[in-house]
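Comments concern the structure below.
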Amino acid sequence: RFFPNITNIPPWLLPNVTVPAASSAWDAFQKFGNCRPGEKVDGLAKLKKYFNYFGYIPNLPTNFTDDFDDELESALKTYQKNFNLNVTGELDEQTINHLVRPRCGNPDIVNGTTTMNSGKPMSFNSSKLHTVGH
Amino acid sequence: YSFFPGTPVWPEGRRDLTFAFLPDNELSDEAKAVFVSAFQKWSTVIPMTFTETTSFYSADIKIGFYVGDHGDGEAFDGVLGTLAHAFSPPSGMFHLDGDENWVIGGDITTSTVTSAIDLESVAVHEIGHLLGLGHSSVEESIMYPTITSKTKKVDLANDDVQGIQKLYGANPSYDGSTTSSTPSTEARETSAAR
C-alpha cells in the first residue's frame with residue numbers, strides 16, 4: 001500500500017489500514033513485563049524465536065521452551081548493550097518498548113559475532129551458531 | 001558502523017550499478033523516485049553510481065515488494081514487525097514487506113495512520129546493507145536497526161559515512177555537508193577517552 005500524501009487522507013477513508021501501533025507482529029511481548037529469570041511464562045518461546053531470528057540466540061536442535069533461562073537472559077543483555085539500553089538482563093519496560101519497534105529484518109548478529117556496539121566484537125560460547133543467508 | 005562477516009563488497013570493477021523493480025509490483029513513478037533519492041544519499045559520499053534499468057533479471061540490484069513467505073527463508077510478518085531486508089554484496093537482493101503502509105510523500109509525522117512507515121527511510125537503510133554495511137548501535141545513524149512509525153530519517157550520519165567510505169573510499173566531490181551532525185561511534189569513543 002502506497003500513500004503519496006498520507007497527511008491528507010482521513011483515517012475513515014482508509015479501511016484496513018487504520019491499524020493501531022499495538023497490533024504489530026510483536027505486540028504479544030508487552031505481556032512479559034516484569035518477567036524475571038527462573039520464571040516460566042506462556043509465550044516466552046516466541047520471544048526466544050525473535051532473539052534467534054536476529055542472531056542473539058544460536059540455533060538449537062530442539063524447540064524453544066517458555067522458561068526464562070540463562071540463554072534468554074544472556075540474549076537480553078547482548079540486545080540491551082547493542083541498543084544502548086540499561087543492561088539488566090530483565091524484561092523491563094524500556095527493553096520491551098524497544099523490542100516491539102518495527103525494524104529491519106536483517107540480523108544484528110551473524111554467525112555468533114557482532115561488531116554492532118562500539119566496534120567491539122562479541123562472541124557466543126557455543127559451537128551452534130545462528131547462520132542466515134544474508 | 002559494522003560490516004558483514006568477511007566484509008563483502010562490490011568488486012573493484014563494479015562501481016556503476018544498475019537497479020530494477022520487480023515488474024509484478026507495477027510501481028508508480030512517484031514510488032520509484034523515492035528509491036532514486038535513497039540511492040543518491042549513498043552515491044554522494046562514495047564513488048559509485050546507481051542507474052535504473054528496465055531489465056529486472058540482469059540488474060545488479062533487484063527491488064521487490066513481497067508478502068509473507070516469498071521463497072528466501074525470511075518470510076515477512078504483516079503490518080509492522082520486520083519491514084524489509086537486503087542481502088550482502090554482491091547479491092543485490094532488496095525485499096520489502098508489501099503489507100506495510102508505505103508513505104512516499106507528504107509529512108509523515110502528521111499522518112493519521114499510526115502504522116505509517118516512511119519508504120525512503122527504509123530504502124536508505126537497506127541500500128546500506130546492499131553495499132556491505134551491517135547494523136550500528138548509533139541511534140542517529142541510518143544503519144540503526146529500528147525505526148518508529150510516522151518518522152522520517154534519510155540523512156546519513158557520520159557513522160554511516162565513515163563506515164561506507166572505509167569500504168569504497170570517498171567520492172572526490174563529497175564535501176561532507178550532506179550528513180546529519182551526529183558523532184560516529186569511533187568519534188564518541190575518542191572523545192570519551194580524552
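The values are calculated or read from the model by the stated rules, or taken from the named source; none is laboratory data. Just so you know, these numbers come straight off a predicted model, no measurement behind them. Every residue, glycine among them, receives a Cβ derived from its backbone with ideal geometry; neighbour counts consider all protein chains shown.
Among the residues that make up the range B:94-109, is at least one of them surrounded by fewer than 23 Cβ atoms within 10 Å (Cβ to Cβ), polar (S, T, N, Q) and assigned to a helix (DSSP H, G or I)? Yes: one or more hits.
Number of residues in the range B:20-34 that are under 18 Å from the mean Cα position of the chain (by Cα) and assigned to a helix (DSSP H, G or I) equals 5.
Filtering the range B:135-152 for residues that are away from chain A (no Cβ under 12 Å), out of contact with any Gly (no Cβ under 9 Å at 6 or more places or on another chain) and in contact (Cβ under 8 Å) with a residue 12 or more places away in the chain leaves an empty set.
When you check B:Ser37 against the structure, is it among the small types (Gly, Ala, Ser), outside any strand (DSSP E or B), in contact with an Asp or Glu (Cβ under 8 Å, 6 or more places away or on another chain) and touching a residue at least 24 places away in the same chain (Cβ under 8 Å), yes or no?
On the way: among the small types (Gly, Ala, Ser): yes; outside any strand (DSSP E or B): yes; in contact with an Asp or Glu (Cβ under 8 Å, 6 or more places away or on another chain): yes; touching a residue at least 24 places away in the same chain (Cβ under 8 Å): yes.
Criteria met by B:Ser37.
Conditions tested, residue by residue: (1) modelled with pLDDT of 75 or more; (2) over 17 Å from the mean Cα position of the chain (by Cα); (3) in a loop (DSSP other than H, G, I, E, B).
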residue	(1), (2), (3)
A:Pro15	no, yes, yes
A:Val19	no, yes, yes
A:Ala25	yes, no, yes
A:Phe29	yes, no, no
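Taken over the range A:56-102, residues that are of a type in the set (A, V, I, L, M, F, W, C) and over 22 Å from B:Thr82 (Cα atoms) amount to 3. In summary, B:Asp69 fulfils each of the numbered conditions (1) assigned to a strand (DSSP E or B); (2) among the charged types (D, E, K, R); (3) within 14 Å of chain A (Cβ to nearest Cβ) with the single exception of condition (1). Return yes when B:Val67 is in contact with a strand residue (DSSP E or B) (Cβ under 9 Å, 6 or more places away or on another chain), at pLDDT below 95 and on the phi < 0 side of the Ramachandran plot and no when it is not. Taking the combined requirement at face value, the residue does not satisfy it.
The residues of the range B:26-47 that are of a type outside the set (Gly, Ala, Ser), in contact with a strand residue (DSSP E or B) (Cβ under 9 Å, 6 or more places away or on another chain) and surrounded by 18 or more Cβ atoms within 10 Å (Cβ to Cβ), listed by number, are B:Leu27, B:Val34, B:Phe35, B:Phe39, B:Trp42. Summed over the range B:110-134, residues that are surrounded by fewer than 24 Cβ atoms within 10 Å (Cβ to Cβ), more than 12 Å from B:Ala38 (Cβ to Cβ) and more than 8 Å from every other protein chain (Cβ to nearest Cβ) total 1. Only a single criterion out of (1) aliphatic (A, V, I, L, M); (2) within 12 Å of another protein chain (Cβ to nearest Cβ); (3) touching a Ser or Thr at 6+ places or on another chain (Cβ under 8 Å) is not satisfied by B:Leu96, namely (3).
Would you say A:Asp92 is modelled with pLDDT under 95 and within 27 Å of B:Glu140 (Cβ to Cβ)? Answer is yes for this residue. Here B:Ser121 fulfils each of the conditions (1) assigned to a helix (DSSP H, G or I); (2) in contact with a helix residue (DSSP H, G or I) (Cβ under 6 Å, 6 or more places away or on another chain); (3) more than 25 Å from B:Pro5 (Cβ to Cβ) apart from (2).
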